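Here's the structure, in structure tokens; my notes come after.
The values are calculated or read from the model by the stated rules, or taken from the named source; none is laboratory data. As the structure is a prediction and not an experimental result, all values here were calculated from the model. Every residue, glycine among them, receives a Cβ derived from its backbone with ideal geometry; neighbour counts consider all protein chains shown.
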Amino acid sequence: MFKRAWSIIVFCFRVATMIAAAGFWILHALRYGQTFLSAWWRVRNMHAGSTVRCSACHQNVETVGRWTCSLCRATYDGSVWRCGRPSCRAVTPYISCNCGHFIDNPFLTEVH
Ligand SMILES: [Zn+2]
Ligand SMILES: [Zn+2]
């Protein structure tokens, strides 16, 4: 009788440990998933290329619009990072934010 009662306590203890371990791993997985998702989201936004974040003032700077290429002087609609004229296709290495801080071309830093 005593033995039986003891085995039930051991069983309960084991279940409790298993639940605690499962909870730990679920929390761990959630945290990992969150980091993974936020990284994926950053990369996805970068490829969409509509805005870029300034590292100094943390403002989103628009990169899609009407730009004048400093090389061929053509005005084009599209991404700031590459000239829209097919015969030019000049790459912009960086742009300047409203706060005066320079923002590197994320497509160039990805290649390196
Ligand atoms: Zn800025
Ligand atoms: Zn150009």
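What to note about this one:
- Tally of residues being within 11 Å of ligand 2 (Cβ to nearest atom) and among the charged types (D, E, K, R) across the range 54-96: 4
- Of the listed requirements (1) within 16 Å of ligand 1 (Cβ to nearest atom); (2) at pLDDT 90 or above, PRO86 misses just one: (1).
- Single unsatisfied condition, THR51 versus (1) within 16 Å of ligand 1 (Cβ to nearest atom); (2) at pLDDT 90 or above: (2)
- Taking the conditions (1) surrounded by 10 or more Cβ atoms within 10 Å (Cβ to Cβ); (2) modelled with pLDDT of 90 or more in turn, ASP77 satisfies each one other than (1).
- The range 56-81: number of residues that are away from ligand 1 (no atom under 16 Å from the Cβ) and in contact (Cβ under 8 Å) with a residue 12 or more places away in the chain: 12
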